[in-house]
Amino acid sequence: MEDKRPQFGNRILENVDEVFKHNAWDNVQWNADQEKAAAEKVELNSTVTFSEDRLKDLEENANKHWDAFYDIHQNRFFKDRHWLFTEFPELAPDFNSAPVRVFPDGESKQSTPDRIKHNDEDAHNSKRYIFEIGCGVGNTIFPILQYSQDPNLFIYGCDFSSKAIEIMKQNELYDTKRCEVFVLDATSSDWQVPFAENSLDIIVLIFVLSAIDPTKMTNVIEHIYKYLRPGGLVVFRDYGRYDLAQLRFKKGRCISDNFYARGDNTMVYFFTQEEISNLFKNVGFVEEQNLIDRRLQVNRGKMLTMYRVWIQAKYRKP
């Protein structure tokens, strides 16, 4: 039966004169001049870096900075992750109303939603475990719980910020029969977690690895590999090199190459596809998807164009 769901990812800007016709355009290709201008901007905003004392404060008080962030914003951000089930149908394979993702020619195609078991009887009787690292206040976990009716689904979540976990537990959608969240520094050498090694079906990394010091990223990926079951999946989405957020940094916010501290002292790294590929494959993962999502967002009121660059990937534990 032909899929009648709306498609996502095929709004292509073919005539630049029509740029303000829509709020966003998909798969926008950059020309050499744009790439060069972005590289020059990054070089310029990286010339002044933090002092050793300032870096020490950023690292030692990172949890306090994130607590302050959640204290200010509470749960008033990232409210509608409507793209979640279009990009990652594996998260709620029983939810069939999300738009179908259309990929540009030559990119990795969407993998079939992971049913975990190969026959329906086993799938019906077995528990399905998802773990989100950097769950914040539940902007990924709550939609999964809302849109998936799978009675065997259980979701774990962790965050560096105790404030975020506290806010999430106070939400009326927080159901201890279906989810459990806890405080965890994912960069630590020994994870204290409520599940066994080789037990998780899916681990979610959405805009979280970028908040971690690049020197500690491999340690995080090694732990992910340890706790995923054989055949388990990592779904990943994060900031790409030359994203608008990187180009907007002023001098004096740079920590190291492509790694910055925002004004609120939270940190952010901007990846290339190759870096993500190497991080996961060097630990033993098999790459199923690694694509760059270039989006042109338009503010029609102010007549502004904003180029976003995200990297999306999926990695399977053999």
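Bear in mind these aren't lab numbers, they're just calculated from the coordinates by the rules spelled out. Given the structure is predicted, the values throughout are model-derived calculations rather than measurements. Note that we place each Cβ from the backbone using ideal geometry, even for glycine, and neighbour counts take in every protein chain shown.
Quick notes on this one:
- Beyond 22 Å in Cα-Cα separation lie the following of the pairs LYS36/LYS251; LYS163/LYS250; LYS127/LYS281; LYS56/LYS226; LYS127/LYS226; LYS216/LYS317: LYS163/LYS250; LYS127/LYS281; LYS56/LYS226.
- Cα Rg over Rh - the range 219-288, Kirkwood: 1.06
- Here the Karplus curve 6.51 cos²θ - 1.76 cosθ + 1.60, taken at θ = phi - 60°, turns the phi angles of the range 85-91 into couplings of 8, 6, 6, 10, x, 4, 5 Hz, with x standing for Gly and Pro.
- The range 127-253, relative contact order [Cα under 8 Å, separation at least 6], %: 26
- A viscosity of 0.890 mPa s and a temperature of 25 °C, combined with the Kirkwood radius over Cα pairs in Stokes-Einstein, give a translational diffusion coefficient for the range 131-174 of 229 µm²/s.
- Taking 0.36 nm per residue of separation and subtracting the Cα-Cα distance, full extension of the segment from ARG229 to ASN278 would add 15.6 nm.
- Per residue, the Cα convex hull of the range 164-299 amounts to 159 Å³.
- Remark on VAL181: its backbone amide H falls under 5 Å from those of GLY157, a criterion applied only to residues 5 or more positions apart or on other chains, H modelled at 1.01 Å from N.
- In the frame of its principal axes, the range 155-223 has Cα extents of 38, 26, 20 Å, reported largest first.
- Backbone phi angles across the range 43-60, fed through the Karplus curve with coefficients 6.51, -1.76 and 1.60 (θ = phi - 60°), yield HN-Hα couplings of 4, 5, 7, 9, 6, 10, 10, 6, 6, 4, 5, 5, 5, 4, 5, 4, 6, 5 Hz in residue order; Gly and Pro are listed as x.
- Inter-site label distance for ASP175 and VAL193 at 7 Å from Cα along Cβ, in nm: 2.4
- Sequence-distant residues sharing a close amide H with LEU200 (under 5 Å, placed H): LEU228, ARG229
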